[in-house]
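Just so it is clear, none of the values below were taken in a lab; they were calculated from the coordinates. Everything numeric here is computed off the predicted structure, so don't read it as measured data. When we count neighbours, we look across all protein chains shown, and the Cβ atoms used for this are built from the backbone with ideal geometry, even at glycine.
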Amino acid sequence: MTAMSMAQALNAALRDALRADERVLVFGEDVGPLGGVFRVTDGLTKEFGEERCFDTPLAESGIVGLAVGMAMGGFRPVVEMQFDAFAYPAFEQIASHVAKTRNRTRGRVTLPMVIRVPFAGGIGGVEHHCDSSEAYYAHTPGLKVVTPATVEDAYWLLRDAIADPDPVIFMEPKRLYWSKEAFSPSGRRRAPGFGQAVVRREGRDATLVAYGPGVPVALQAAEAAAADGVSLEVVDLRTIVPFDDETVTSSVRKTGRCVVIQEAQGFAGVGAEIAARVQERCFHSLAAPVLRVTGFDIPYPPPKLEHAHLPDADRVLDAVDRLQFDDRPDVVHLSREAS
Amino acid sequence: MTAMSMAQALNAALRDALRADERVLVFGEDVGPLGGVFRVTDGLTKEFGEERCFDTPLAESGIVGLAVGMAMGGFRPVVEMQFDAFAYPAFEQIASHVAKTRNRTRGRVTLPMVIRVPFAGGIGGVEHHCDSSEAYYAHTPGLKVVTPATVEDAYWLLRDAIADPDPVIFMEPKRLYWSKEAFSPSGRRRAPGFGQAVVRREGRDATLVAYGPGVPVALQAAEAAAADGVSLEVVDLRTIVPFDDETVTSSVRKTGRCVVIQEAQGFAGVGAEIAARVQERCFHSLAAPVLRVTGFDIPYPPPKLEHAHLPDADRVLDAVDRLQFDDRPDVVHLSREAS
Amino acid sequence: MSHHQVAGLLPAPDPVRFVAEDGTAVDPPAGYRAPADEQLAEAYRLMVLGRRFDRQATALTKQGRLAVYPSSLGQEACQVAGVLALGADDWLFPTYRDCVALVARGLDPVEVLTLLRGDWHCGYDPAAARVAPQCTPLATQTVHAVGMAEALRRKGEDAVVMAFVGDGGTSEGDFHEALNFAGVLRSPVVFFVQNNKYAISVPLARQTAAPALAYKGVGYGVRSEQVDGNDLVAVLSVLTEAVRHAREGGGPFLVEAHTYRMDAHTNADDATRYRDDEEVERWAAADPLARLETYLRERGLLDAAGVTAAREAAEEFAARVRDGLNADPETDPYELFDHVYADPTPQLREQRELLAAELTAPEE
Amino acid sequence: MSHHQVAGLLPAPDPVRFVAEDGTAVDPPAGYRAPADEQLAEAYRLMVLGRRFDRQATALTKQGRLAVYPSSLGQEACQVAGVLALGADDWLFPTYRDCVALVARGLDPVEVLTLLRGDWHCGYDPAAARVAPQCTPLATQTVHAVGMAEALRRKGEDAVVMAFVGDGGTSEGDFHEALNFAGVLRSPVVFFVQNNKYAISVPLARQTAAPALAYKGVGYGVRSEQVDGNDLVAVLSVLTEAVRHAREGGGPFLVEAHTYRMDAHTNADDATRYRDDEEVERWAAADPLARLETYLRERGLLDAAGVTAAREAAEEFAARVRDGLNADPETDPYELFDHVYADPTPQLREQRELLAAELTAPEE
Ligand SMILES: Cc1ncc(C[n+]2csc(CCOP(=O)(O)OP(=O)(O)O)c2C)c(N)n1
Ligand SMILES: Cc1ncc(C[n+]2csc(CCOP(=O)(O)OP(=O)(O)O)c2C)c(N)n1
Ligand SMILES: [Mg+2]
Ligand SMILES: [Mg+2]
């Protein structure tokens, strides 16, 4: 098994989906001969022809609307929004049609389609290229919202998304595109399905809940904490909608403490939802408030300053430090240099 | 002082703002001779002429973009989105320009403008006419998000919004348009300014936090609970962004219990943010988890079924009932007929 | 591109017309064929039916049986011609205003009014009827129509898609994106603009400065035409040509019909605020149904008995609508959770239980 | 609207041209005046400067001094003409690609590159320069331009607004809404499309099926023209006429310039994936700078000394750019919170404190 990047795994997932099901189509801006600005669609036009992977005019509402019509007509379109903020022109199509069509036709018209959105920052991108927009979609009933944090999940969750009977917003953490892992698409599937979170690392003292780009940060923090004798459990949500309450709450009930990690600006983000749910469901197990570690409530900052904005392991460890372990002399406080 | 409806108060606010400041302009779909589908702009074209209150072509992105350009040019546009879901075509203009322009020009280009959005349901509207979209805006840094629950606030918050140096999304709860109150715009101002929540009703046993259309529901619930000897405090947020942590947390610290009310679908809504903040800040004062009473995670339902969806006083009282008063024998449990 | 090619995309300088306002035939323009007599007779029948249906629906709003109704009065020639130009395998993408078209397409009238009576779904089965759900967010359906046309083309179906849109709707970005996508992809789609002169209260002059909306096509390489929308013969002729063009691989076609919305925007609207009676009366003189009737009678294709028969059928139809709508639709609150996703999420299952607890709580 | 009026809105069937590819003068088309000699000399100077600036910026990406740079190589005639057609009180709404235009407008080149070097703001003061921040979300600036034009008109200013947009950008809904608003409001705005044949990798044929993008104007009642974008004389002449038209109350004007993007989309792009060298070489033969140089020399408006002087000034300018960008910009992380709102919210103040605690924590 050779190492594969997340971008390559996504490419393989598209390729395999196109092979497996002739109803699958890929289109968007620059996804044809160029292979997408992140090369996720590399080689698809060549292998499957222009009918099945093609460039469209430059209009995101048109792209999503075209996908709606094609899905109504029996296809399974997978469209690419070039960057997070460039999906906003399609917001009406997404919120008013993609999300609502099944419901407003009582299940008679379904829209099995995937909207791929490279999202979040950490790549030194200029303005409008690093928004974290998952909350907009997660707040919109009728959409499923998914984000992989590992190469394996990138492959399998995208296959799942394409096979799913419902529209899926597939959020790809840009900064993980180049992260590699030993993975073979043809190997036995180990990844669980849609709607299931996984415990990426077991721990006793507190639970870190993360998704997408936050997961490696959580793992890094847990690693650093371990060196100090603090045992952190890391839960990777994988799908934001549907939400896996089961996995999250059983972890928090076990550890009694919880920090939620989200790169997006904090206010009314997905992290707020997680914190609200966890305290609703685990109140009597909690030894401390559920804390959130998020980006600031500011437009995504420029390359020179993004390090100040992005939640990193240090910020996570600071939060862990505020989890009121005073009654737990066995847990040492974490110092900043720990990471 | 005669009774005035919320729609009339908003109309008076626009009129007075147009009189007070010649930079103020009003435009949108059907806001001219028709006076808006809710008559909020009634008579303005007649009084101020077509240059200052005018109908535009039917294109929401264009309307908001036009306002951006006019604000850059020194005006203070107040634009109307006809219904909540019809603001979605303008989402890119709102998220990528309205919200970000001050920041990305380091304060050199400011956009003092107001986007009025009639929102939420309870008026028997057909699909796309009753969305609760406040969370999309509240999650977008750079926007202020305001929603009045009283006639007086409708007038003064809109005046504040127009005078504000920042762009404001002004969410008007449709179902309160016709609610009346004794109020005179020329009377002495009692309403506090932007960013301040108010305690609408004092109470001891639990705090209900609400905004916009949720406020009358909270007051109704509090009234019913009082008959049963349960004393509920009602906090009206008034502005969602900026958020008044001070007023909310001091209330919850006093009562030790909190229910958040929000008409929008619950997942990742503003209510999640409130619940998350309250438990972060008041954890050791809380005798029970912060509970949320919200709409379901479904597209807004049709007229025949909206009653089943909308949070009402009963649903609020059910939540209050779950606030674990078992250790407080002085608090009677509320029965459903209480309201 | 040669001048000739550009000219081939532009509409006729004046709206195509076959029948004058007084019902007399005018010289048919080159390039368009008169529809067959039987088709005109069928069109007449459907226009009578459609108008009666429309009047019935409007009446039902007054009795509170419909939440709201956007009337088609005055636009029957457009809507009936749109439907008659299509074959059974073709798809129609209508707006909220196009109830008469749906009835002409043969859909159950009570189903057509499902949403407007306060239920949440579109009533009919879109795939069975090849009619998309009526669309409220303006112009969004025009892009869906292109998608469907591309789907049909890819499946090797010989079918065409027709998207209805209003004059106001042409101002939305989606209308432009739809025309552009269709132009580039050469999709078999006909965009049919019912220019009824108003978008709620906003008159055409505030909507566009174009010589006519049909002049938008050339900017997308889309062949375009304008037609007198109150002349059934002309609308049917032009749309038939547009459908043929699209079906035979010629690519998309944009047709603008000049018509008039005789009623207010919906029953909830007050049109006196923004237009005067005189204007409405002027257009009443151009009534599409009266015009077709005169034309058919003068050409001997319709007699008094035919008129009576059409009216009686329409009365019967209206009675069915009335009866159907007087019965309260059954709405099941639990169904709110059933169609959000293929399977309800765990969250929705919990919420369903919450609702069940509320609904079954003893009313003490 | 008469046929005559329609014809008055349509562009010339072939792009307006004053100078052939080999630099010789061709018959000037009716209705357009040749720019004054001094203006052409000034244009030449600015094109030399702009090109040198552009080469310098591209070089700086290789050294990591710029995060990314979208080159204007080959589009200098368009960008310089756009600026020269405007007066000091007129406004310019540029895209990310239009750095050469900004430099031609006289902005400090280091300020122009502020955003591209990794800072978050646009560097220059938009109000002082009457240049909007360079816009990344495609076509959104075209609507802002209309708003600004309306603001100027309402303030009684005699100023015109010019919005730059790319061929790809014309596909966005906002472009359509901007043209439509401007048409209806008769706003003093010029839409200037630099059709450089590609939107990143997507060629024009996949972007539009229009005979030319300039044919989009008629659908909005907007006067339109197409011009050879590599012929400075022609672009300047047509834009000058467009600006005059707008300034004198004639309403908006759409100009499409046919040009070519010689470099890849940005330094990060790999153009070999989607176009062949041959095509690029063909366009190299149509180079706008060489063409103007030949034309001016042949007309005796430029001599060897003039060429040398322009080049030397450009070298000096490039050195300034290099030096300016070799100094690291100062970025203050606390400023992240300063410009989100006029006054930071209580939430932002808290977050600022959190960051301060992080940044001042002892590195134990
Ligand atoms: C995106 C969007 N914006 C606004 C509305 C509200 N609205 C409903 S109908 C209408 C007027 C539409 O006019 P037109 O397209 O001419 O169609 P007509 O009603 O005249 O048939 C408006 C503004 C809407 N439905 N969708
Ligand atoms: C709304 C939006 N969608 C996508 C992008 C990503 N993007 C940046 S430039 C570009 C191509 C633009 O092409 P064109 O308008 O022809 O301008 P050019 O770059 O050729 O000057 C794309 C797709 C964007 N900036 N904005
Ligand atoms: Mg209309
Ligand atoms: Mg281009």
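Can you give the charge dipole size of chain B about its Cα centre, rounded to the nearest 20 debye, using +1 on the beta carbon of Lys and Arg and -1 on the beta carbon of Asp and Glu?
In debye, rounded to 20, chain B gives about 940.
Between D:Ala88 and B:Ser179, what is the FRET efficiency for a Förster distance of 56 Å, r being their Cβ-Cβ separation, to the nearest 0.05?
On the way: r = 53 Å, r/R0 = 0.95.
About 0.55, to the nearest 0.05.
I'd like to know which of D:His245, D:Val110, D:Ala342 lies farthest towards the positive end of the charge dipole of chain D, counting +1 on Cβ of Lys and Arg and -1 on Cβ of Asp and Glu.
D:His245
With r as the distance between the Cβ atoms of D:Ala205 and D:Gln5 and R0 = 51 Å, compute the FRET efficiency 1/(1 + (r/R0)^6) and round to 0.05.
Efficiency, rounded to the nearest 0.05: 0.95.
Pairs A:Lys100/D:Lys197; A:Lys46/D:Lys216; B:Lys46/C:Lys62; C:Lys216/D:Lys197: which are spaced more than 27 Å apart, C-alpha to C-alpha? Each step should come with its number before you reach the end.
Details: A:Lys100/D:Lys197 38 Å; A:Lys46/D:Lys216 33 Å; B:Lys46/C:Lys62 31 Å; C:Lys216/D:Lys197 22 Å.
The answer is A:Lys100/D:Lys197; A:Lys46/D:Lys216; B:Lys46/C:Lys62.
Could you check the spin-label model distance between D:Glu38 and B:Lys254? Points 7 Å from the Cα along Cα→Cβ, value in nm.
A separation of 7.5 nm, rounded to one decimal place.
What dipole magnitude, in Debye to the nearest 20, does chain D give about its Cα centre under +1 on Lys/Arg Cβ and -1 on Asp/Glu Cβ?
Once rounded to the nearest 20, the dipole reads 1060 debye.
According to a simple spin-label model (label point 7 Å from Cα along Cα-to-Cβ), what is the distance in nm between A:Glu22 and D:Arg311?
With each label placed 7 Å out from Cα toward Cβ, I get 6.2 nm.
Rounded to the nearest 500, what is the 222 nm mean residue ellipticity of the protein assembly as shown from helices alone, with -39500 (n - 2.57) per DSSP H run of 4+ residues and division by all residues? Can you show the working numbers first?
On the way: 50 runs with 534 residues, N = 1406.
The per-residue figure over the protein assembly as shown is -11500 deg cm²/dmol.
Report the residues of region A:292-328 in range of a label on D:Thr331: point 7 Å along Cα→C-beta, backbone N strictly under 14 Å from it.
Label zone hits: A:299-310.
Report the full-extension gain for the segment C:Ala20 to C:Asp125: residue separation times 0.36 nm, less the Cα-Cα distance, to one decimal in nm. Don't jump to the answer; show the numbers that get you there.
Working: separation 105, 0.36 × 105 = 37.80 nm, distance 3.88 nm.
Using 0.36 nm per residue and subtracting the Cα-Cα distance, I get 33.9 nm.
Rg to Rh ratio, region B:198-327, alpha-carbon atoms and Kirkwood radius?
With Rh from the inverse mean 1/r over Cα pairs, Rg/Rh is 0.95.
Could you size up the charge dipole of region A:87-164 around its Cα centre, putting +1 on the beta carbon of Lys and Arg and -1 on that of Asp and Glu, and report it in debye to the nearest 20? Before the final figure, lay out each step's value.
Working: 8 positive and 8 negative charges, 127 e Å.
Once rounded to the nearest 20, the dipole reads 620 debye.
Sort D:Cys78, B:Cys282 by Cβ crowding within 10 Å, fewest neighbours at the top.
B:Cys282, D:Cys78
To the nearest Å, what is the center-to-center distance of region A:18-52 and region C:192-211, using C-alpha atoms only?
40
In nm, to one decimal, how far is the C:Ala290 label point from the D:Lys62 one, both placed 7 Å along Cα→Cβ?
7.9
Where does the charge balance sit around C:Val26 when Lys and Arg score +1, Asp and Glu -1, over other residues with C-beta under 12 Å from its C-beta? Kindly include the intermediate steps, with their values, before the conclusion.
Values: positive: C:Arg17, C:Arg291; negative: C:Asp14, C:Glu21, C:Asp22, C:Asp27, C:Asp228, C:Asp231.
Charge balance in the 12 Å sphere: -4.
R0 = 30 Å: FRET efficiency of C:Ala304 with C:Glu281, Cβ-based, nearest 0.05? List each step's numbers first, then the result.
Working: r = 27 Å, r/R0 = 0.91.
The computed FRET efficiency comes out at 0.65.
Can you put C:Tyr220, A:Tyr136, C:Tyr32 in order, fewest other beta carbons within 10 Å first?
Listing C:Tyr220, A:Tyr136, C:Tyr32 from fewest to most nearby Cβ atoms yields C:Tyr32, A:Tyr136, C:Tyr220.
If you bin the C-alpha pair distances of chain B every 10 Å from 0, what whole percents do you get?
Spelled out per bin, shortest first, that is 6, 26, 33, 23, 9, 2, 0.
Quote to one decimal, in nm, the extra length available between C:Asp343 and C:Asp27 on full extension: 0.36 nm per residue of separation minus the C-alpha distance between them.
107.8 nm
So how do D:Arg261, C:Arg291, A:Arg322 line up by other beta-carbon neighbours within 10 Å, fewest first?
Final ranking by Cβ density, sparse to dense: A:Arg322, C:Arg291, D:Arg261.
Considering only C:Tyr69, C:Met162, C:Pro29, whose Cα is most displaced toward the positive end of the charge dipole of region C:3-331, charges sitting on Cβ of Lys, Arg (+1) and Asp, Glu (-1)?
After comparing all options, I get C:Met162.
Around C:Arg247, what is the net charge, scoring Lys/Arg as +1 and Asp/Glu as -1 over all other residues with Cβ under 13 Å from its Cβ?
Working: positive: C:Arg153, C:Arg186, C:Arg244; negative: C:Asp89, C:Asp90, C:Glu157, C:Asp158, C:Glu241, C:Glu248.
With Lys, Arg at +1 and Asp, Glu at -1, the net is -3.
Rounded if a/c is under 1.5, else prolate if a/b is larger than b/c, else oblate: which is the protein assembly as shown, with a ≥ b ≥ c the root eigenvalues of its Cα gyration tensor?
Taking the square roots of the gyration eigenvalues as a ≥ b ≥ c, the protein assembly as shown is oblate.
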